[in-house]
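K.L.:
Before I ask anything, here is the structure I am working with.
The values are calculated or read from the model by the stated rules, or taken from the named source; none is laboratory data. It should be emphasised that the depicted structure is a prediction, and the values quoted were computed from it without experimental measurement. All Cβ positions, glycine included, derive from the backbone under ideal geometry; neighbour counts span all protein chains shown.
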Amino acid sequence: MEPDQAFLEYAVKALVDHPEAVETTRTIDQMGVLLTLMVHAEDMGKIIGKNGKTAEALRILLRVVGMKGNARVNLKINEPIGGKHEVPSDYAL
C-alpha cells in the first residue's frame, strides 16, 4: 500500500465508529493520484464534518503527503447506498 493511501486509511479509521467498513482505492491518471474513500453510512457526517471542514482538512493533508512523493493527490468521498441525502417523499419543491 502506498504511503498516501495508508495515511488516509489510518486517519479515517481513527475518526469513524465503523473502522471495518472503511475502504480506499487508489488510481493514477494524467491528473495525478485519485484516492476514493467509502465509509459506513452512519460515518459520513464525521468524515465530511461541519461545513465540510474535516473533508477539507483531509484533502490538505493528503496534498502534503503527496508532495513528499512528487504527486498530486486528490480525494473523492463516495456516498454509500442508502445514505441520508435522499429526498423525503413529502418534500415540497
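K.L.:
Would you mind listing the strands (runs of 3 or more DSSP E) fully within the stretch 16-93 where at least 1 residues are modelled with pLDDT under 90?
P.N.:
Of the strands (runs of 3 or more DSSP E) lying wholly inside the stretch 16-93, those with at least 1 residues that are modelled with pLDDT under 90 span 23-29.
K.L.:
Also, I was wondering about something else. Can you tell me which residue in the stretch 10-37 is nearest to residue 79 (Cα to Cα), limited to those that are within 9 Å of the chain's Cα centre (by Cα) and buried (at least 17 other Cβ atoms within 10 Å of the Cβ)?
P.N.:
Across the stretch 10-37, the extreme among qualifying residues is 37.
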